[in-house]
2 protein chains.
Amino acid sequence: MVERLSAEARKSALKGLSGWAETPGREAIARIFVFKDFNEAFGFMSRAALVAEKNDHHPEWRNVYKTVEVVLATHDASGVTARDIELAKAMNAIASQFGVT
Amino acid sequence: MVERLSAEARKSALKGLSGWAETPGREAIARIFVFKDFNEAFGFMSRAALVAEKNDHHPEWRNVYKTVEVVLATHDASGVTARDIELAKAMNAIASQFGVT
C-alpha cells in the first residue's frame, strides 16, 4: 500500500503543482481547470481517464461545460499519496496541451 | 429559444424517465447512474458527451469511480425544457446498453 503523505510532504509536493491546493476540511488536493469549451474540457477528461485507468487510480471530478473540478485523494490511505501527486502532474501535462497552465 | 416546462409538464415528463427526479431547491432534474466499474462509467460519459455536443446541450455531471451523478437544466430558460428531457432519455438509452436501467 502506498503511504499517506504528511502535511509537510503534501505542502512541499503542492509547490511544484501549478493550480493545485489543499481541500478545506478534507485531506485531499483539488484544482479547477477552465478550458475553451466543452470539446476541450471533455478532451482533457478523456485523456486523463485513460491515465487514471492505466494506473488504477481515479479522480473525483465534476464537469460543467468548459470547467472541470478535480479532487484527488487515496481512499485506502485516507489521505493524499504519491499516486495523487502523480495523477495531478499528469493532468497538468494534459491540460497544458490545451493551453491551460 | 426553447420553452421552460411548467411544474405539471415536468412531472409528467419525469413519469416516463426511469431513475430521474426533480432536484430539491432548484428547477432541474437529476439522476445517479451506478455502473460496474470506471471503464463502464466513463464509457457512458463518452457516449453521452457526443450526444450532448451534437445537440449543443450539456449536462452538469460528477464522476466518482463507477458512479455518475447528472443534473440537467437549461440555463437560458432558467428551468427544465424539452432539451433536458431529450438528453435524459438519450442518457437512459446509453446506460441501458451497460445494463443500467
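Structure above, values below:
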item: Those residues of segment A:49-75 which are of a type in the set (Val, Ile, Thr) and either farther than 16 Å from residue B:62 by Cα or facing another protein chain (nearest Cβ under 10 Å) (or both), in sequence order; result: A:51, A:64, A:67, A:71, A:74
item: Selection status of residue B:98, farther than 16 Å from residue A:62 by Cβ, of a type in the set (Phe, Trp, Tyr) and more than 10 Å from chain A (Cβ to nearest Cβ); result: yes
item: Among the residues listed as B:7, B:48, B:30, B:73, the single one being of a type in the set (Gly, Ala, Ser), within 24 Å of residue A:41 (Cβ to Cβ) and out of contact with any helix residue (DSSP H, G or I) (no Cβ under 8 Å at 6 or more places or on another chain); result: B:30
item: Filter result for the condition that a residue is among the polar types (S, T, N, Q), away from chain A (no Cβ under 14 Å), surrounded by fewer than 16 Cβ atoms within 10 Å (Cβ to Cβ) and without any contact (Cβ under 8 Å) to a residue 60 or more places away in the chain, over B:18, B:78, B:46, B:6; result: B:6
item: Qualifying residue in segment B:34-44 (condition: closer than 22 Å to residue A:57 by Cβ and of a type in the set (Gly, Ala, Ser)); result: yes
item: Residue tally, condition crowded, with 19+ Cβ neighbours inside 10 Å and either free of Cβ contacts under 8 Å to residues at least 40 places away in the same chain or closer than 21 Å to residue A:8 by Cβ (or both), over segment A:81-97; result: 5
item: Index of the failed condition, residue A:40 passing every other in (1) within 15 Å of residue A:88 (Cβ to Cβ); (2) crowded, with 16+ Cβ neighbours inside 10 Å; (3) not hydroxyl-bearing (Ser, Thr, Tyr); result: (1)
item: Residue count for segment A:25-43, restricted to those that are free of Cβ contacts under 8 Å to residues at least 60 places away in the same chain, touching a strand residue (DSSP E or B) at 6+ places or on another chain (Cβ under 9 Å) and more than 8 Å from chain B (Cβ to nearest Cβ); result: 7
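Any read-out appearing in this document is the output of simple, stated calculations on the displayed coordinates, not a laboratory observation. Quick caveat, the model's predicted, so the values are computed rather than measured. We place every Cβ from the backbone using ideal geometry, glycine too, and count neighbours over all the protein chains shown.
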